[in-house]
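Below is one structure, written out as structure tokens; the observations come after it.
The values are calculated or read from the model by the stated rules, or taken from the named source; none is laboratory data. Quick caveat, the model's predicted, so the values are computed rather than measured. Backbone-built Cβ (ideal geometry, glycine too); neighbour counts: all protein chains shown. Quick note on the areas: whole protein, heavy atoms, side chains included, nothing else; ligands and nucleic acids left out. Shrake-Rupley method; radii C 1.70, N 1.55, O 1.52, S 1.80 Å.
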Amino acid sequence: MPATTLTQSLKHYILVGTAALGVVAVLWSVNHGPVGAQTSAVATPVAPQPVLQSAPVEVRGLPDFTVLVDQVGPSVVNIRTIERVRRGAPQGVTPDEQMLEFFRRFGIPVPPGMAPPRNAPRPGQGQGPEIERPRGVGSGFILSADGFIMTNAHVIEGADQVVVTLPDQREFTAQVVGSDRRTDVAVVKIDAMDLPVVRIGDVNRLRVGEWVMAIGSPFGLMNTVTAGIVSAKQRDTGDFLPFIQTDVAINPGNSGGPLINMRGEVVGINSQIYSRSGGFQGISFAIPIDEAVRVSDQLRATGTVTRGRIGVAIDEVTRELAESMGLPRAEGALVRGVENNSPAAQGGIQPGDVILSFNGTRIEKSVELPRVVSNTAPGSRAVVRVWRQGVERELTVTVGTFGEERVAQGPSSTEPEPKPSKASDLLGLSVRDLSAAEKRDLRVESGVFVVQAEGPAARAGLRQDDVIVGVGNRPINNLRDFESAVNAIAGDRPVSVLIRRGDWAQYALIRPEGR
């Protein structure tokens, strides 16, 4: 073997591992004989050596984002907002105000001592003439060549003027087309043509572990690029939409900017972070672009977003609850309350039902129901499959239009003196009969009025002015029915109580104290 070949082989095996050095020695003795001895025509037999373990996984290398920046960068804009205030008001934005704005935007609890005094003057109050001052900064991206731009609703909220700066340093005063606080999506329009636009990606193709990139203006630093991977999909944070979770560095000013996949497509809008310190901690959230486009299409068409509603209060179906109800698995949305005269009530949905599917879409978790219902056109008829008392039923509901929640109204008549019953000790309740005027004002036909709720009842969520219309499986028409139902309670077993609160009906589970 030539010296160069042997040297190359030796280097190779040293890199793979020291166990291969024996093979190098064998190769030398087979071709040249023992060191210091004459070369023999016949090679000396050697014992077989252990086989090396499987080869290491191929390393593909880190991604190169330069091409993506060239493709998408010209479509990402900086958004500045301006507010008009009276001279004499505090000028500029102090560091504390910046941090308070950061905490508010990203849902982080305000640290003790940073909250402004309750009676402190509001920003913008003053005695002099009106002036303009900066309010905030964010990002956005161009949807269409004629100037429609998508951003976050919280970026432009409360602004008197919105200024858009393009990567080529041109500035435009933008018109707010529409804003939707529930999804945190907004659309603004600038007077320009032939603008570079982004390409919209398919969120369903996005995979956990995939590389993604963000472009935005953190702290006003325009055209800043950060990158990371998709950490999770369908992340529930208590908001109206499921989020894409990433470890891409996101800071104030990134809000409204695009989240981009390796194909140069926008798959989300960077919107929130999770932090206990106020700084980036490796967890950021983006609004899925398919949901954002659905909202933006409505904003561009009408300036507002129309959503469906059916009028139910829901809760999660736990494993224990599913077992007690005879459900094969923990799924669906438990109906805790039904609004009076709502689409759900008119369609026959009752408190205690478990909604398993809505218009053919299976409901795995309770948080999925509001999203499915809201995306259903108001006025359309939807088939709702529910689980009730161990039996699956199919109901039809005419979807209503989403609006503000109704405020419960109390009785207008003078309350008579409470008439405590034995329930005061057992359930922690003081109740009385309803007058004819109260039944009319509360829009109920029967029940007992809660004068006081404490102990077990208070822990179960009951409160003064509630109307109890059922105990267990027994309807309650008056105080006599209520006392009879309570006296029939066996031992210390939990008692389900059906109550009316304003326009809503809901169940509460009271765990009575010992007799």
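Laid out as a table, the results:
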| read-out | value |
| --- | --- |
| Length-normalised contact order for segment 215-351 - Cα pairs under 8 Å, 6+ apart - percent | 15 |
| Residue-wise HN-Hα coupling along segment 241-249, computed from phi with Karplus coefficients 6.51, -1.76, 1.60 (Hz; x: Gly, Pro) | 10, x, 9, 8, 9, 9, 10, 5, 5 |
| DSSP-assigned coil residues among trypsin sites (Lys or Arg not before Pro) in segment 179-225, each with at most 11 further Cβ atoms within 10 Å | Arg207 |
| Net charge of Cβ neighbours under 15 Å - reference Gly147; Lys, Arg +1; Asp, Glu -1 | -2 |
| Amide proton proximity set for Val177, modelled H, under 5 Å, gap of 5+ | Val187, Val188, Lys189 |
| Stretchable slack from Arg493 to Arg263, in nm (0.36 nm times residue separation minus alpha-carbon distance) | 76.9 nm |
| Residues with amide H under 5 Å from that of Glu83, placed H, sequence gap 5 or more | Arg133, Arg135, Asp160 |
| Rough spin-label spacing in nm, given labels placed 7 Å along Cα→Cβ, for Thr318 and Val67 | 5.2 |
| Accessible area expressed per residue, segment 187-340, with surrounding protein chains retained (probe 1.4 Å, Å²) | 42 |
| Nitroxide proxy distance, nm - points 7 Å out along Cα→Cβ at Glu171 and Asn375 | 4.1 |
| Whole-Å distance, taken between Cα centres, linking segment 278-353 and segment 173-224 | 26 |
| Dimensions (Å) - segment 317-403, Cα atoms, principal axes, largest first | 35, 21, 20 |
| Protein accessible area in segment 188-300, 1.4 Å probe - carbon and sulfur % | 48 |
| Segment 126-235, Rg to Rh (Cα coordinates; Rh as Kirkwood inverse mean 1/r) | 1.02 |
| Residues with amide H under 5 Å from that of Gly502, placed H, sequence gap 5 or more | Gln409 |
| Sorted largest first, extent of segment 292-340 alpha carbons per principal axis (Å) | 48, 28, 11 |
| At R0 = 51 Å, FRET efficiency that the Cβ-Cβ distance of Val197 and Arg388 yields, to 0.05 | 0.55 |
| Extension reserve of the Arg459-Glu210 stretch, reckoned as 0.36 nm per residue once the Cα distance is removed | 85.1 nm |
| Reference-scaled alpha-carbon Rg (2.2 N^0.38 Å with N residues) for segment 269-351 | 1.61 |
